[in-house]
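Pasting in a structure now, in structure tokens, and then I'll have a few things to ask.
The values are calculated or read from the model by the stated rules, or taken from the named source; none is laboratory data. Owing to the predicted nature of the structure, the values given are computational and were not obtained by experimental measurement. Here the Cβ positions follow ideal geometry from the backbone for every residue, glycine too, while neighbour counts run over all protein chains shown.
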Amino acid sequence: MMLENPWKIEASKKIYENPWISLTEFDVINPGGGKGIYGKVHFKNLAVGVIVLDEYGNTFLVGQYRFTTDQYSWEIPEGGCPEGTDPLESAQRELKEETGLVAADWQPLLQMHLSNSVSDELAMVYLATGLLQETAAPEETEQLQVKKIPFEEAFQMVEKGMITDSMSVAAILKIKLLLAEGKLK
């Protein structure tokens, strides 16, 4: 098993930067010995997501039009965690902002790299239970619809390709597995 980096970096230059991401281009020698370039998108925030389950087996999805894919997307509540901020606090903030929900119980569900062939974006997803409904306060860049549905319906949306957001797919599949194993009720 190879654990050492076979890539050799000869030079790098920052191509673009904004408050959320930076793009760096690297002159490399690839693992086969050939020269080439490789681009890396660095995310300045950690991605956080929240899948909720209420006492009746319902979950909440957030719908919004995504600029990058030019499509409408149903997702779990999610957002960014600025560097130096506690991921759990960021997840709690995102849940309340997007849905108005406040949860009494939180548990880490999964951690994943979202697109590791071109970016270093890392995501943490939490399971939130013990829900209380308050008032949502989405950011000005968000025009959201919130819907409460049976968890099984969310799972079927993943199966049918109606939910394609990677954090949402992974979280829903993980909950389905935990339910099947009897680790969640």
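Filtering the stretch 110-143 down to residues that are out of contact with any strand residue (DSSP E or B) (no Cβ under 7 Å at 6 or more places or on another chain) and of a type in the set (S, T, Y), which residue is nearest to L95 (Cα to Cα)?
Of everything passing the filter in the stretch 110-143, T135 is nearest to L95 (Cα to Cα).
For E140, which of the numbered conditions (1) on the phi > 0 side of the Ramachandran plot; (2) modelled with pLDDT under 95 fails to hold?
The single condition E140 does not satisfy is (1).
Residue by residue, here is whether (1) out of contact with any Pro (no Cβ under 9 Å at 6 or more places or on another chain); (2) among the hydroxyl-bearing types (S, T, Y) holds:
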site: L46; (1), (2): no, no
site: L61; (1), (2): no, no
site: C81; (1), (2): no, no
site: S90; (1), (2): no, yes
site: T99; (1), (2): no, yes
site: A103; (1), (2): yes, no
site: L110; (1), (2): yes, no
site: L114; (1), (2): yes, no
